[in-house]
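Okay, structure first, notes after.
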Amino acid sequence: DGKVNLISGEGEMGQGANTVLAQIAAEELGLNLEDIIVTTPDTDATPFGFGGFASRLTMLAGNAVRKAAQEARRQLLVIAGEKLETSPEDLEVRNGEIFPRAAPERRMTVAEACRAHIFRRDGEGIFSRATYDPPTVMADKETFYGNVAPAYSFAVQTAEVEVDVETGRVEVLKLVTADDLGRALNPLACHGQVHGCTAQGLGFALFENLHIEGGQVLNGSLADYLVPKADGMPEMESILIETMDPSGPFGAKGVSETSIVSTA
């Protein structure tokens with residue numbers, strides 16, 4: 001039916017990973033977002049994934065998805081070139097249709113190309129697989145110099161704060177965060193991530209305090225352990241500083257943790 005099953009071991013934990021990986025696949029394959037079905041990670045069926053730490057998922061999994069989609073696109077264009085009697089290099093894929101650039105009226109759907117790939121001599125489904133290993137330089141054991149990440153994110157933050165000089169009570173009125181995140185593939189999700197980690201950093205700095213006595217945690221439930229909630233958050237503004245990172249998919253890099261540090 002022309003839809004894509006994206007099989008990935010990377011986890012969706014609310015950060016929008018499934019959406020952005022589907023966006024990357026759809027962009028490469030000339031399909032709509034609703035044509036991409038992202039599987040839920042399952043160790044019985046999906047490949048190994050290291051996990052969504054170090055704000056790395058869009059950079060690493062995104063590049064792997066893009067490479068796999070490019071190979072699937074190549075297979076699509078080869079079979080479509082045979083049917084349309086056109087060189088694959090001269091074909092375009094857009095909105096689920098494949099057509100020659102010089103004669104766009106001659107076209108076939110991606111679904112038709114998929115079926116043609118199966119129902120022929122030695123036919124098979126279109127399948128591709130890719131991984132991404134970033135170009136890094138491990139740190140020298142003596143000098144500790146190296147380059148252990150494919151990209152680095154930066155954030156600048158300003159806080160407007162009122163302090164009661166008699167009681168020491170701190171009230172944060174407004175937080176403004178500017179985040180250099182490469183290219184924002186999904187701006188709404190990026191703003192949400194900045195707001196979320198700003199709230200987490202605020203909890204680290206002002207609210208959360210683990211009380212331990214005799215090796216026992218005394219405030220071990222959310223009834224006794226204060227975490228940031230919506231009604232206690234200050235006004236927040238996030239500014240996305242877009243650059244084009246050469247290592248990231250479509251210029252993107254990590255965004256999800258930088259403002260935790262600056263807030264705290």
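Taking a straight Cα-Cα cut-off under 30 Å and skipping sequence neighbours fewer than 8 places away in the same chain, the lysines within cross-link reach of Lys141 are Lys253.
Is there a quick way to get the dipole size of the chain? I mean about its Cα centre, with the Cβ of Lys and Arg at +1 and of Asp and Glu at -1; what is the value in debye to the nearest 20? Before the final figure, lay out the partial values.
Numbers: 21 positive and 39 negative charges, 222 e Å.
I would put it at about 1060 debye.
Mean silhouette area of the chain, derived from the convex hull of its C-alpha atoms and averaged over all directions, reads 21.5 nm².
With a cut-off of at most 13 other beta carbons within 10 Å, and DSSP calling the residue loop, which trypsin sites (Lys or Arg not before Pro) in segment 117-185 qualify? Please list them. Don't skip to the end; give the middle numbers.
On the way: sites: Arg120, Arg121, Arg129, Lys141, Arg169, Lys174, Arg183; in loops: Arg120, Arg121, Arg129, Lys141, Arg169, Arg183.
Sites meeting the loop and neighbour criteria: Arg120, Arg121, Arg129, Lys141, Arg169.
Loop only per DSSP, at most 10 neighbouring Cβ atoms within 10 Å: give me the GluC sites (Glu not before Pro) in segment 60-93, ordered by residue number. Don't skip to the answer; put the middle values down first.
On the way: sites: Glu71, Glu82, Glu85, Glu89, Glu92; in loops: Glu85.
Qualifying residues, ordered by number: Glu85.
Among Cys114, Cys190, the order of accessible area from largest down is Cys114, Cys190, computed with a 1.4 Å probe on protein heavy atoms.
Legend: P(r) of segment 101-238 from all alpha carbon pair distances, 10 Å bins from 0, whole percents, reading 8, 19, 19, 20, 16, 10, 6, 2, 0. Check cross-link reach from Lys3 to the lysines: straight Cα distance under 22 Å, and skip same-chain residues fewer than eight apart. By straight Cα distance, Lys3 reaches Lys67, Lys83. Taking a Cβ cut-off of under 10 Å around Pro47, the surrounding Lys, Arg, Asp and Glu residues balance to a net charge of 0, with basic ones at +1 and acidic ones at -1.
The values are calculated or read from the model by the stated rules, or taken from the named source; none is laboratory data. In this text the structure is predicted, and so the values were computed from the model without any measurement. Cβ: placed from backbone, ideal geometry, glycine included. Neighbour counts: every protein chain shown. These accessible areas exclude ligands, DNA and RNA; they are computed on the full protein's heavy atoms, side chains included. Shrake-Rupley method; radii C 1.70, N 1.55, O 1.52, S 1.80 Å.
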